[in-house]
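Data block below; observations after.
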Amino acid sequence: MVFDPAHAPRDREAFGAWFAAQVDWDFNHDYMDPQSTTAALRAWYDSIRVEYPALNGPDATDDDNDIVRAGDYNFGPHFIYVTYPWSLADEIYDRVRALAVEKQVGFYDVSNDENEQEIYFPGDALSAPSQGSWRSIAKQFRELNENQ
């Protein structure tokens with residue numbers, strides 16, 4: 001998840017509550033509309049979708065070759081929640097973090113199952129990259145894809 005740092009609390013416990021409220025999917029909001037989020041988050045999205053196109057929404061790819069790299073982007077007023085194919089998790093993780101730093105938006109490592117999930121705010125030092133169990137799951141998916 002990337003987020004608008006001006007609208008997210010820095011306190012870890014408060015951030016967890018804020019995150020839960022953001023993904024409590026209010027059905028009165030169109031989560032497929034990139035125009036429903038901030039300009040900085042749209043800039044992040046416009047950059048990332050060059051490499052990892054949208055699977056859904058107005059920018060959805062219709063190229064079958066792109067679908068294997070496509071992300072499921074969900075736009076809130078102050079965040080973008082996205083999922084990508086497991087087989088690409090390692091490379092996408094690094095790219096999402098790097099673009100968050102470049103575009104000066106926050107980054108929340110939702111999938112990290114280590115001691116603490118990374119919450120990055122612009123200007124902070126990045127934590128060491130996650131070594132969570134998701135990496136072994138990603139490796140299994142890559143191996144399955146390579147053997148097909």
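The values are calculated or read from the model by the stated rules, or taken from the named source; none is laboratory data. Since this is a predicted model, take the numbers as computed values, not measurements. Cβ placement follows ideal geometry from the backbone for every residue including glycine, while neighbour counts extend to all protein chains displayed.
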Given the structure, is Asp59 over 23 Å from Pro122 (Cα atoms) and out of contact with any His (no Cβ under 7 Å at 6 or more places or on another chain)? yes
Which ranges mark the helices (runs of 4 or more DSSP H) fully within the stretch 1-105 that have 1 or more residues being surrounded by 13 or more Cβ atoms within 10 Å (Cβ to Cβ) and in contact (Cβ under 8 Å) with a residue 24 or more places away in the chain? 12-22, 39-51, 89-103
Consider Glu114 carefully, then state whether it is exposed (fewer than 15 other Cβ atoms within 10 Å of the Cβ) and at pLDDT below 95. yes
Restricting attention to the stretch 39-50, does a residue exist that is touching a Lys or Arg at 6+ places or on another chain (Cβ under 9 Å) and modelled with pLDDT under 95? no
Please determine whether any residue of the stretch 72-84 is out of contact with any Ser or Thr (no Cβ under 9 Å at 6 or more places or on another chain) and under 16 Å from Tyr120 (Cβ atoms). yes
When the stretch 1-46 is checked residue by residue, the ones that are among the acidic types (Asp, Glu) and within 15 Å of the chain's Cα centre (by Cα) are Asp4, Asp46
All but one of (1) in contact with a Phe, Trp or Tyr (Cβ under 9 Å, 6 or more places away or on another chain); (2) on the phi < 0 side of the Ramachandran plot hold for Gly57, so report the exception by its number. (2)
